[in-house]
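Enquirer: The structure is given below, and queries will be raised subsequently.
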Amino acid sequence: MLVWERPEPPERPAPAPLSRERIVRAAIRLADANGLDAVSLRKVAAALDVGPMRLYGYIATKEELLDLMLDAVHAEIRPVGGNWREVLRSLAETTRRTAHQHEWLADLLGGRPQLGPNTLAGGEAVLAAMDGVDLDTVVPAVAAVNAYVVGAVRREITEQRAERSSGMDKRQWQTTYGPYLERTFATGRFPALATVVRDGPHLDADETFLAGLEFLLDGIEARISN
């Protein structure tokens, strides 16, 4: 029986009350602080000041714990809007915002299908907003938005981690590697790249994400209008 349908053990008020919700919240706090490597049933039990064996009555494996964590943060992803375009934009923006609040989420997005109640509620909201659009368009359109968000979020989180690891922010990186690029572009071997770097728009992460999202939504709208 899947964890979503398996009943919890009866409450035990002493020495420390437990529930799946308390276990999941403790795991999320650990992951928010130190990433998914900080999460194990043993470490979560220690954070709750209980023995590891007590957790097995509620959660059988670490994979179940990760599924529950992922669904718990999906409660923060609530796509809303008055039409399909607004709802898909809201889905993308709230997913991205949630991933930046819970950086470990980027490591789990795009994995196997999630079947938790919060995840299903978000999917229902998106599909309900696209009622009236033929399913041959709905399915790949929603998949395209999800794929765009997963790719963008993972790139942003990876860049943030690399920045922290290197100790260099964007300005320091440009100062370090800018002269090399100028020398390379001066050879004339990469004229298109040189033009983009020197004359192209220099968008920040928010602007880049929203611009790409609008391109994608424009394409979906064109398909629906045909």
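The values are calculated or read from the model by the stated rules, or taken from the named source; none is laboratory data. Keep in mind it's a predicted model, so treat the numbers as computed, not measured. Here the Cβ is made from the backbone with ideal geometry for all residues, glycine too, and neighbour counts use every protein chain on show.
Enquirer: Hey, does the range 61-72 have a residue that's in contact (Cβ under 8 Å) with a residue 40 or more places away in the chain, closer than 19 Å to Ala152 by Cα and part of a helix (DSSP H, G or I)?
Expert: Yes: one or more hits.
Enquirer: Now for a separate question. For the range 47-60, which residues satisfy the criterion of being over 22 Å from Asp107 (Cβ atoms) and free of Cβ contacts under 8 Å to residues at least 24 places away in the same chain?
Expert: Listed by number, the residues that qualify are Gly51, Pro52, Met53, Tyr56.
Enquirer: Right, something else. Can you name the residue in the range 211-224 that is among the hydrophobic types (A, V, I, L, M, F, W, C) and touching a residue at least 40 places away in the same chain (Cβ under 8 Å) and is also surrounded by the fewest Cβ atoms within 10 Å (Cβ to Cβ) among such residues?
Expert: Top of the filtered list is Ile224.
Enquirer: Would you confirm whether or not the range 185-202 contains a residue that is assigned to a helix (DSSP H, G or I), at pLDDT below 95 and closer than 30 Å to Arg85 by Cβ?
Expert: Taking every residue of the range 185-202 in turn, at least one turns out to be assigned to a helix (DSSP H, G or I), at pLDDT below 95 and closer than 30 Å to Arg85 by Cβ.
Enquirer: Still on this model: So is Glu163 closer than 18 Å to Gly219 by Cα and either touching a strand residue (DSSP E or B) at 6+ places or on another chain (Cβ under 7 Å) or assigned to a helix (DSSP H, G or I) (or both) or not?
Expert: no
Enquirer: Tell me which residues, restricted to the range 73-83, are assigned to a loop (DSSP other than H, G, I, E, B) and either among the β-branched types (Val, Ile, Thr) or surrounded by 15 or more Cβ atoms within 10 Å (Cβ to Cβ) (or both).
Expert: Glu76, Ile77, Pro79, Val80, Gly81 - these are the residues of the range 73-83 that are assigned to a loop (DSSP other than H, G, I, E, B) and either among the β-branched types (Val, Ile, Thr) or surrounded by 15 or more Cβ atoms within 10 Å (Cβ to Cβ) (or both).
Enquirer: What are the residues in the range 25-39 that are under 13 Å from Leu105 (Cβ atoms) and of a type outside the set (A, V, I, L, M), if any?
Expert: Asp32, Gly35
Enquirer: So Val142 fits all but one of (1) touching a Phe, Trp or Tyr at 6+ places or on another chain (Cβ under 9 Å); (2) surrounded by 18 or more Cβ atoms within 10 Å (Cβ to Cβ); (3) not small (Gly, Ala, Ser); what number is the exception?
Expert: If we test Val142 against (1) touching a Phe, Trp or Tyr at 6+ places or on another chain (Cβ under 9 Å); (2) surrounded by 18 or more Cβ atoms within 10 Å (Cβ to Cβ); (3) not small (Gly, Ala, Ser), just (1) comes out false.
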